[in-house]
1. Amide H neighbours of A:Ala22 under 5 Å, counting only residues 5+ apart in sequence or on other chains, H built in-plane at 1.01 Å?
2. Could you run the Karplus curve 6.51 cos²θ - 1.76 cosθ + 1.60 with θ = phi - 60° over the stretch B:160-173 and give me ³J(HN,Hα) per residue in whole Hz, x for Gly and Pro?
3. Who wins for biggest fluctuation among B:Leu134, B:Leu93, B:Leu112 in a Gaussian network model of chain B, springs between alpha carbons below 10 Å?
4. Roughly what % of DSSP beta bridges within chain A run antiparallel, to the nearest 5?
5. Only four residue types carry charge here, +1 at the Cβ of Lys and Arg and -1 at the Cβ of Asp and Glu. Report the dipole size of the protein assembly as shown about the Cα centre in Debye, rounded to the nearest 20.
6. Convex hull volume of the Cα atoms in chain B, per residue, in Å³?
7. Work out the P(r) tail for the protein assembly as shown: percent of alpha carbon pairs separated by more than 45 Å, whole number.
8. Quantify how strongly other chains surround peptide B:172-185 by giving the mean number of their Cβ atoms within 10 Å of each of its Cβ atoms.
Amino acid sequence: MSQILINNVQKVFTTPGGPVVAMKDIQLTIQPGEFVCLLGPSGCGKSTLLNAVAGFQPPSAGEITIEGKKILSPGPDRGMVFQEYALFPWMTVAQNIAFGLEVQKKSRSDIAQTVNQLLDLLHLKDFRDRYPKDLSGGMRQRVAIARVLALDSPIMLMDEPFGALDALTRRNLQDELLRIWEKLGKTILFVTHSIEESIYLADRIVVMTYRPGTVKRDQIVDMPRPRDPSSAAFNALKRELGALVMEEQQRHANAEMKLAAVD
Amino acid sequence: MNKLKSLMHGALAPVLVLLVWEACARAGLFSAVVMPAPSAVAAKWWAYLLPAQPQAEGQSYLGWLLSGELLHDAYSSLYRVIAGFVIGAGLALPLGLVMGANTRIHDFFNPLVQILRPIPPIAYIPLAILWFGLGNPPSFFLIAIGAFFPVLMNTIAGVRHVDGIYLRAARNLGVNQLTLFTRVILPAATPYILAGVRIGIGTAFIVVIVSEMIAVNDGLGFRILEAREFMWSDKIIAGMITIGLLGLAIDTAVSRLNNHLLRWHRGLEH
């Protein structure tokens, strides 16, 4: 099974102002089928970590393995959903979903069947021949999810996928994602800066510190789903994690003030 | 109703100019040789359009109807524009694609391109005649040069400006280098490339008129120069108007094609 092992990973970016340590000493094991949220303020390295797992930016030190194999490049075994959707605007909804399968040289009938199943699963049937420009943000993100599901990869990486959506659409897609996750048993690594979103979705929340990004808290969320955001347990955890995130947010703000003062 | 209104609104200025022009001409303000009345130009245009000879025996009616000088000239010019453009754009597109995709190839060719690009195609006329003699070939050469650079520059820019997010998404889906190029980079660059095509066709059309003034004996450019020899200013203006109409037709056709090819594109103006 696809266990993700993040072993003592570090990432240093060289910038004109000198090297910046984006993350260090990250040690995480993600079990197959687990839904893990990476939570933290911007600049905490959560997207850096996700990009390293995706294979876009290899870590400066340490290694990431999946099923014991070291990650060296991006690949369809780790489908990524981006905040900016990243749909190909020149392809229709159905073509976008089919693209990954065409790349894998699947047969026409297999592709057609998978595409139809996914259009069904994500309630996109009526939109199959539309172009992305004609879809709302929520619809586009459904297509992006379908495109990744088409790969049938065991792992889904999601980089603030619902960050640009309004609250209602967001909740709706969170529920859809949970439904799909429960049905298909994917391993999900989900980056967010919303505390509520992480508690609503995750089995486990990894709170990260502001630069350099380290693991501040590795929190199991032991609540049955569907979770009620107005329940006492939900809110207790939200307060607790909120305090942790706020500390880091404060460090972030102070660092920016210092920079501004230097300018 | 609104459409009619806006049409009338748009026609107001041209009609006004024509009326004033006609009135001035009839009042004898200037000589008909220097500036003929619009009605005389229209009559000439009509005569230029219609067949010059009566229908010959064995000639089909349609063939006869299309045998007029104007249609022949317009066809000759259009043919040169298309042939020259296909040569120029056909060379510019692949070169632009590799220059956009590969920095080393770009740096190799770029100095040459930057030196040659500012030279107007017109400046190649003496060489074009030396190299290709008379007839169509020098025209093709000049038009190809006119079309080459806009298509080249836009293709390079198009490939270089492909949004990195598409490349990341594609690599995540597991595409190889060739598929990345044909299915992602090329379509992502089409808005730029088609903008270059439109500019290139426009340039080709300017160049065809000039090139016809030097080395051939038909085409719209040749005809207005020929008319000057005889001081037929009405025919000069009739030829100019035809050039305007043909240019408009070409641009409309290219713009329609753009709209179709870019029907997925967000920033499309309708």
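The numbers here are math on the coordinates, done by the rules we state, and not lab data. Keep in mind that what you see is a predicted model, and the values were worked out from it rather than measured. So basically every Cβ, Gly included, is an ideal-geometry build from the backbone, and we count neighbours across all protein chains shown.
1. A:Lys11, A:Val12, A:Phe13
2. Once rounded to whole Hz, the list reads 6, 9, 4, 4, x, 5, 5, 5, 5, 4, 5, 5, 4, 7.
3. Greatest mean-square fluctuation among the candidates belongs to B:Leu112.
4. On the way: 21 of 40 bridges.
Taking every DSSP beta bridge with both residues in chain A, the antiparallel ones total about 50 percent.
5. Values: 49 positive and 43 negative charges, 91 e Å.
In total the dipole reaches around 440 debye.
6. Values: hull volume 55.6 nm³, N = 270.
So the per-residue Cα hull volume is 206 Å³.
7. Working: 55615 of 141778 pairs.
Roughly 39 percent, once rounded to a whole number.
8. Mean partner-chain Cβ count within 10 Å for B:172-185: 5.
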